[in-house]
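Beneath this line is the structure, given in structure tokens, with notes to follow.
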Amino acid sequence: LPPCTAKRSTSSRPRGHMRAAPKRLAAFYSVLGVSFIALLLRTLLAQPLLPFRLDDAEWSSTWLLTTVADYYVSTLCLCGVIVATDGWRVGGLWAALCCVLGSAFACLWVVRRLLQRGTLRLAGSADGAFAYD
């Protein structure tokens, strides 16, 4: 049904429930981002990135763990978009694949979305420079 004729849910949840979810998600992603910034700053202060010290096990392991954290922070952001656009079942499966098996599955999701929908644009996005239509 078009949005203007959709039936209202008779759920027992309070009316503000749907408005609270974006705020909780925004808080989650804010904490995630700030936490990674703190980790990155701590790593930069303790083990400066340059010059590279590939012979130093402590430097290498510190930057390896920081890079892994960076991957998962950005992957969780993409997973939020995937679940929001594909729903909990299909989106959850794709999110799990991205988290467990890596960026190849993130690329595969992007390819799937492009082939199925012809765009990466999210519904309600303003017309912009990346419109493929």
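The values are calculated or read from the model by the stated rules, or taken from the named source; none is laboratory data. Every value quoted in this text rests on a predicted model; they were computed, and no experiment measured them. Heads up, the Cβs are rebuilt from the backbone with ideal geometry, glycines too, and the neighbour counts pull from every protein chain shown. These area figures cover heavy atoms from the full protein model, side chains too; ligands, DNA and RNA do not enter into them. Shrake-Rupley method; radii C 1.70, N 1.55, O 1.52, S 1.80 Å.
Scanning region 50-64 for residues that are of a type in the set (A, V, I, L, M) and within 18 Å of L40 (Cβ to Cβ) yields L50, L64.
Pairs are defined by a Cβ separation below 8 Å, a sequence spacing of at least 6 or placement on different chains, a first member in region 24-49 that is closer than 25 Å to S60 by Cβ, and a second member that is small (G, A, S) and open to solvent by less than 70 Å² (accessible area, probe 1.4 Å); the pairs so defined are F36/A69; L39/A69.
Confirm whether R15 is at pLDDT 95 or above, open to solvent by 60 Å² or more (accessible area, probe 1.4 Å) and of a type in the set (K, R). The answer is no for R15. Consider region 18-53 and keep the residues that are closer than 24 Å to G80 by Cβ and among the basic types (K, R). The one that is modelled with the lowest pLDDT is R19.
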